[in-house]
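The values are calculated or read from the model by the stated rules, or taken from the named source; none is laboratory data. As the structure is a computational prediction, the values presented were derived from the model and not from experiment. No Cβ is skipped: glycine too gets one built from the backbone with ideal geometry, and neighbour counts run over all protein chains shown. With ligands, DNA and RNA removed, areas are computed over all heavy atoms of the protein, side chains included. Shrake-Rupley method; radii C 1.70, N 1.55, O 1.52, S 1.80 Å.
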Amino acid sequence: MRDAARRKTTELRTRFTERTDLWLNAARQVLEVSVLRPSNFIGWGRWVHKLDSELQLYNSDLMVASLYCWERRLFPLSFVEVEADDEGKVLSIARRDGDGR
């Protein structure tokens, strides 16, 4: 059981950070949780909700592809530079229009 728990904890990264609450227009300290495997994103959100349904979850209901783009400031009509391996697996992606961020 302990080994299974250790394996699970390596699938997540956590850190305390500050975000703006859009409804209150105020800064809030939050625990940011990142998944290492995007395909597990929805499952972890459900797991956290079952663990404590009183927790406020943000962005846990977003589509993974959209979340990836928003976090990296990529937009549907952006010019991007993509690096891929011989099998077509994307190794890196960066926006190359506007301010380049």
**OP:** For SER60, state whether it is at pLDDT below 85, in contact with a Gly (Cβ under 8 Å, 6 or more places away or on another chain) and open to solvent by less than 100 Å² (accessible area, probe 1.4 Å).
**Re:** yes
Subject >> Top-ranked residue in the stretch 68-97 [being of a type in the set (Phe, Trp, Tyr) and not in a helix (DSSP H, G or I); ranked as least open to solvent (accessible area, probe 1.4 Å)] >> reply: PHE75
**OP:** Restricting attention to the stretch 55-67, report how many residues are under 12 Å from the mean Cα position of the chain (by Cα), assigned to a loop (DSSP other than H, G, I, E, B) and not small (Gly, Ala, Ser).
**Re:** 5
**OP:** Could you please give the count of residues in the stretch 28-54 that are open to solvent by 80 Å² or more (accessible area, probe 1.4 Å) and assigned to a helix (DSSP H, G or I)?
**Re:** 7
